[in-house]
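For reference, the structure discussed in these notes is given below.
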Number of protein chains: 2
Amino acid sequence: MAKMLGKDSTCSIARTLEVLGDAWTVLIIREALVAGSTRFQEFRDALGIAPNILSNRLEPLVEKGIFERRVYRESGERSRHEYVLTEEGRGLNVVIAALADWGRACRPQTDGTSPCFTSVDDGAVAELAFVTQGGERLAPGELVARRTEDARLGKS
Amino acid sequence: MAKMLGKDSTCSIARTLEVLGDAWTVLIIREALVAGSTRFQEFRDALGIAPNILSNRLEPLVEKGIFERRVYRESGERSRHEYVLTEEGRGLNVVIAALADWGRACRPQTDGTSPCFTSVDDGAVAELAFVTQGGERLAPGELVARRTEDARLGKS
């Protein structure tokens, strides 16, 4: 992806898109988050992706701090790398959940599958939702958006 | 984007990525949602995008039901098209909000900007959050994901 895509150099969405790049990158992150894949061969098998395309996507994700590269070695084999999501990488579960929610709602499929998110603590199922400070949940259609300085927005 | 990207033909995330295609598409939807742009020239000016690239992104978004194309005519000018988000298109505000939240949290920028979402009804600010059925908000780091059949997941 081109640097500074679009004219608005302040846009937080464009900053995320610089990391996510293309759809393969998003699916690699899905595999890591949802299937727990860490090894090159696991990503390759799960996605049916050509090795050079996979390499070309994993390397920038390491450089950008989404994956940490670690060495592992199985007995009798040469040492290899595995790719473990960093805290920032795991935080992309918000984006993955949003993509899944829209696909499920607007492109329903009888045998469809999506990630289900549960609390590490107690296993409670959590859904992504728009919530007011008073705790009210609002449907996407009940909202309007306007451009605002990040400094005036709370931490998410 | 290739059809059936990845081997998992059931994935709700891949279905959404078939619509969003690439980063330009996401920025076009951002402009429509956040700036209220509807006209070709508005998108062009806001994004600094080449006309052919813009056309190549808008047409499939009309075919896929994200924008409705309408005719308008200003006095003394030829009739032109405008592109109005459908209900499904407006529902992509979940994806836009998720991208903005991650960018703001993990790629902070002093002069950064993001969409702020407010209730149509009463103007209350709403944030995207993972929420349990009991109403508890969980941080992205407090969650794990597993692949689940859509039929077993609730409507979002």
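We did not get these values from a lab; they are worked out from the coordinates using the rules stated. Note that the structure is a prediction, hence the values are computed from the model and not measured. As a convention, Cβ positions derive from the backbone with ideal geometry for all residues, glycine included, and neighbour counts pool all protein chains shown.
Closest approach to the B-A rotation axis by any Cβ of B: residue and distance in angstrom?
Closest Cβ to the B-to-A rotation axis, residue and whole-Å distance: B:Ala98, 2.
Using the Kyte-Doolittle scale, find the helices of chain A whose mean hydropathy is at least 0.0 and whose Cα atoms extend 15 Å or more along the helix's long axis, counting only whole DSSP H runs. Please list the in-between numbers first.
Numbers: long enough: A:51-63 (18 Å, -0.18); A:93-106 (19 Å, 0.97).
Passing helices, by number: A:93-106.
Where Lys and Arg each count +1 and Asp and Glu each count -1, what net charge lies around A:Val120 among other residues with Cβ under 15 Å from its Cβ?
Details: positive: A:Arg90, B:Arg137, B:Arg146; negative: A:Glu87, A:Asp121, A:Asp122, B:Glu136, B:Glu142.
Within the 15 Å Cβ shell, the charges total -2.
Would you mind listing the distances between the B:Arg152 label point and the same position in each other copy? Use 7 Å along Cα-to-C-beta, nm, one decimal, shortest first.
Output for B:Arg152: 4.5 nm, nearest copy listed first.
Rounded to two decimals, what is the ratio between the C-alpha radius of gyration of region A:2-81 and 2.2 N^0.38 Å? Could you put the intermediate results ahead of the total?
On the way: Rg = 14.7 Å, N = 80, 2.2 N^0.38 = 11.6 Å.
Compared with the compact-globule rule of thumb, region A:2-81 sits at 1.26.
Along Cα-to-Cβ, 7 Å out, sits the label point; list in nm, shortest first, how far the one on B:Asn56 is from those in the other copies.
Spelled out, the distances from B:Asn56's label point are 1.6 nm.
If the viscosity is 1.567 mPa s and the temperature 4 °C, what Stokes-Einstein diffusion coefficient in µm²/s follows for the protein assembly as shown when Rh is the Kirkwood radius over Cα pairs? Write down the numbers at each step before the final one.
Details: Rh = 20.2 Å.
D = 64 µm²/s.
Short version: what are the Cα gyration tensor semi-axes of region B:31-156, square root of 5 times each eigenvalue, largest first, in whole Å? Don't skip to the end; give the middle numbers.
Working: eigenvalues 226, 70, 48 Å².
Square roots of five times the eigenvalues give 34, 19, 15 Å.
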